[in-house]
Amino acid sequence: MASLRDIQSKINSTKKTKQITKAMQMVSASKLTRAEQNAKAFVPYSEKMQEVVVQIAASGDATHPMLQTRAVKKTGYLVITADRGLAGGYNNNVIREVYRTIQHQHTDADEYTVIAAGRFGRDFFKKNNLPIAKEIIGLPDQPDFSDIKQIASEAVEMFLEEEIDELVLFYNHFNSAISQEVTSQKLLPLTDLSSEKGRSVQSMYEFEPDAEEILKVLLPQYAESLIYGALLDAKASEHAARMTAMRSATDNANERIDDLTLTYNRARQAAITQEISEIVSGAAAQQS
Amino acid sequence: MSTVTTSIVTPDGPVLEEDYEMVSCTAENGELGILPGHIPLVAPLKVSSVRLQIQGRTDYVSVSGGFLEVRPDRVTILAQSAERASDIDVDRAEQAKQRAEKRLQDKQANLDQIRAEQALNRAINRLDVASHAR
C-alpha cells in the first residue's frame, strides 16, 4: 500500500487540477453566453438578407452562376474546428465526419480540396496529406465579421472561378449547452432559394440598376454571411463543448479526491491500529 | 412631416433603428434620396456615407459593402460594416489609411493593389463621416 505521504500528495495535486478545470469551465460558460449573444445579433442581418435574396431569385428572369448547379468535378470542403483542444469530442467529431465523407465520395485527391478554419482541422489534414486550399487559424473566441471576411470571400471566389464546383460546410451545430451535432451543409451552389418563401411576398421590387447586377453584388455577400453564421454557430458549440468537458473533468477530480481520501483514512487507521497493538504486545511482554 | 423607419443592420448586430424624414445615400448608379412612401426598391451601395435627416438634424453613418432595401414604410440597409459618425475610431481609420497608402506605393502583386485601394477607400470614407460627428 502506498505510504500516507504519497496519498496526501496525490490528493493535493488532484485538488489543484480540479481548481484549474473548474476555472476553465467557468470561463467557457461566460464565453458561451457571449457567443450566444453574437449569434443572436447576427439573426436580423441573416434573415433580412435571405428575405431579399429569395425575393430577387424568385422574381425569375435573373440568373447568376452561384444559383446554377453544374457538373461536379471538384468539391470544396470548408471545415470549422477549434484552435485548441480540451473540448471533448468537439474537434474529432467534425474531422471524423469529413474524413469519412471524403473516403466515401472520392477516389482521387484531385476531386476535392479542403479549406480549414481552425488549427486542429488544419493539422489533421496536413498530417494525412489531404489537399488544403486555404487555411485560417487564430480566430478569436468572439469573431467579428471582419475576421472571417477574407477567407469567406476567397472561398466564394474559388467557386465563381470554377476552381471548385460545389462548396460544403462542416461544423458543429449548437443545439443546446449539452448537445452539439456535426452538420454538413451544402453552401454553393445556392439551390434551395427559389422554393418556398419567395412566393408569398406581396411587394415586387424595382431594381437599380437591374436584377442581374444586384445578384452579382448580393449573392457573394449572402454566401459570406452564411459562412459567418456557421462560424458563430461553431464557436458557440466549441464553448459549450469545452464547458461540458471541463465540468466532467471537475466531477472526475471530485470523485478521485473522495476515493483517495478514503484510502488515506484507511491507511491512517491501519497505521494507528498497528501502533497500538505493538504497544500492547510490548507491555504484555514486560509484565510476564 | 411623415417619416420612414430606417434600420441599418450588419452581421455584428443592428447599428441603428429610428424614424427619419429623408434618407440619402450613394448607390452604384449615383445618389439616391428616399422619402416616405417610396416604391419598393433594391440597390447596392458604394462605400460611402448615408445621411439621415430628421427635424433639421442630419445623422451620418458610414457603410461599406452594403445594399439598400426600400419599402413604402421602411428602409433597411444591410452592410458588411457600418458605424455612426460618433462611433468611428478616428485613430484607427487614420492608421488604416496610412497602411493602405504605404501598400499602394510598394506596388506588389495586382491583387494586393486592389485590396489596398479598397482599404484606402474605406478608411477615407470613415474619416470623412467622422468629421461630421457632433
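Binning the alpha carbon pair distances of the range A:1-109 at 5 angstrom intervals from zero yields the distribution 2, 8, 8, 10, 11, 12, 13, 11, 7, 5, 4, 3, 2, 2, 1, 1, 0, expressed in whole percent.
For the range A:67-120 versus the range A:174-192, the inter-centroid distance based on Cα atoms is 13 Å.
For the range A:60-147, the alpha-carbon coordinates run over 50, 36, 19 Å along the three principal axes, in decreasing order. Each 20 Å bin, from zero up to the one with the longest distance, holds this percent of the alpha carbon pairs of the protein assembly as shown: 21, 45, 21, 8, 4, 1. Measure nothing fancy, just the Cα-based angle from helix B:90-106's long axis to the longest principal axis of chain B, in degrees from 0 to 90, nearest 10. Between helix and principal axis, roughly 50 degrees. Using all pairs of distinct alpha-carbon atoms, the Kirkwood hydrodynamic radius of the range B:89-130 works out to 10.1 angstrom. Measuring how big the range A:127-271 is from its alpha-carbon positions, Rg and Dmax come out at 24.4, 91 Å. Using all pairs of distinct alpha-carbon atoms, the Kirkwood hydrodynamic radius of chain B works out to 15.4 angstrom. A cut-off under 11 angstrom between Cβ atoms defines the neighbours of B:M1, and their net charge, with Lys, Arg +1 and Asp, Glu -1, is -2.
Note on B:T5 and A:R70: with the Förster distance fixed at 35 Å, the Cβ-Cβ geometry gives a FRET efficiency of about 0.25. Against the main long axis of the alpha-carbon atoms of chain A, helix A:145-160 sits at an angle near 50°. Sequence gap at least 6, Cα distance under 8 Å: using those rules, report the relative contact order of the range B:4-85 to the nearest whole percent. In percent, rounded to a whole number, it is 33.
Across peptide B:4-15, the mean count of Cβ atoms from other chains lying within 10 Å of each residue's own Cβ comes to 5.
Every read-out reported here was derived from the displayed coordinates using simple, explicitly stated rules and does not represent laboratory data. Since we're looking at a predicted model, the values are computed, not measured. Reconstructed Cβ throughout: ideal geometry from the backbone, glycine too, with neighbour counts over all protein chains shown.
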